[in-house]
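Report on one structure; see the data block that follows.
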Amino acid sequence: LLVVFLLQIPLAYLGALGIGALRPLGQRSEWLLLLFSPWLFVTVMPLSIVALRRLIAAGQVDTFSALFSRILRSAPILLLLTLFFKGREPKWRTAQAQDETGAGTFFQKLILPSLPLTAVLGFAAFLVSMQNLLWPLIAVRGAENRTVQIALFILRQEPAVAGPYLAAALTLFGLPVFVFFFVVFGLSQVLYLDRLALRAGTFGT
């Protein structure tokens, strides 16, 4: 949760705002996304090996801090938010030209409309990170810092004793998580996502 909302989302948000709305290279600003393309096409395994070697060199294996994944998954979020800001940019420019002082147009036309989408993407990234098995499995070797997902994965290898523990985990952990994300994504679909549209061509004001 901390890595997603304090690191991945802010980095992706600021990058998308700069590329999609401020457009430092003008019409060619989208070419800046190519700088982040390796994180879209390189698989997790090579990155995990490099991150694990650095973790071993730092002597942080099997510690609580090792649970924080060194692999950022911000590139898809950056791409989606860039598309969103690119669609909002003409409306912001028009409002800015009509407002002599320019006060409030930046937040009204860019920041405020982007908050619901950012929240949806943040919760989606949190859900994906929470289900990650690879990094906690290789970074933590003892039982003290083991995550719930890893503990359940190990229990499944012992079917004779796993039944009661799996049932308890599904009741105490799985069910609340399911209800929470069901409500979050359900409300997002009903109140927000249906209003989004991806179009080609020139956007109106």
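Brief remarks follow.
- When Ala162, Ala167 are checked against the criterion of being surrounded by fewer than 16 Cβ atoms within 10 Å (Cβ to Cβ) and touching a Lys or Arg at 6+ places or on another chain (Cβ under 9 Å), a single residue qualifies: Ala162.
- Within the range 73-90, the residues that satisfy the criterion of being part of a helix (DSSP H, G or I) and either among the small types (Gly, Ala, Ser) or free of Cβ contacts under 8 Å to residues at least 12 places away in the same chain (or both) are Ala75, Gly87.
- Scope the range 134-149; condition under 21 Å from the mean Cα position of the chain (by Cα), at pLDDT below 85 and not polar (S, T, N, Q); matching residues: Val148
- Looking across Leu137, Leu115, Leu127, Leu110, one residue alone is assigned to a helix (DSSP H, G or I) and surrounded by 17 or more Cβ atoms within 10 Å (Cβ to Cβ). It is Leu110.
- Looking across the range 91-107 at every residue that is more than 27 Å from Gln189 (Cβ to Cβ) and assigned to a helix (DSSP H, G or I), the one that is farthest from the chain's Cα centre (by Cα) is identified as Gln98.
- Qualifying position, being under 18 Å from the mean Cα position of the chain (by Cα) and in contact (Cβ under 8 Å) with a residue 12 or more places away in the chain, among Phe180, Phe153, Phe173, Phe185: Phe185
- First in the range 24-47 and in a helix (DSSP H, G or I), second anywhere and surrounded by fewer than 10 Cβ atoms within 10 Å (Cβ to Cβ) and at pLDDT 85 or above, Cβ under 9 Å, 6 or more apart: Leu32/Pro24
- Qualifying residue in the range 78-98 (condition: within 24 Å of Leu14 (Cα to Cα), of a type in the set (S, T, N, Q) and open to solvent by 50 Å² or more (accessible area, probe 1.4 Å)): yes
- If you go through the range 64-74 and keep only what is farther than 18 Å from Ala12 by Cβ and either under 18 Å from the mean Cα position of the chain (by Cα) or modelled with pLDDT of 90 or more (or both), you end up with just Leu67.
- Selected residue (only one of Thr94, Thr82, Thr105 is closer than 30 Å to Arg195 by Cα, among the polar types (S, T, N, Q) and in contact with a Leu (Cβ under 8 Å, 6 or more places away or on another chain)): Thr82
The values are calculated or read from the model by the stated rules, or taken from the named source; none is laboratory data. Bear in mind the structure is a predicted one, so any value in this text is a computation, not a measurement. Every residue, glycine as well, gets a Cβ built from its backbone with ideal geometry; the counts of neighbours run over all protein chains shown. Remember, those area values only see protein heavy atoms, side chains included, never the ligands or the DNA or RNA. Shrake-Rupley method; radii C 1.70, N 1.55, O 1.52, S 1.80 Å.
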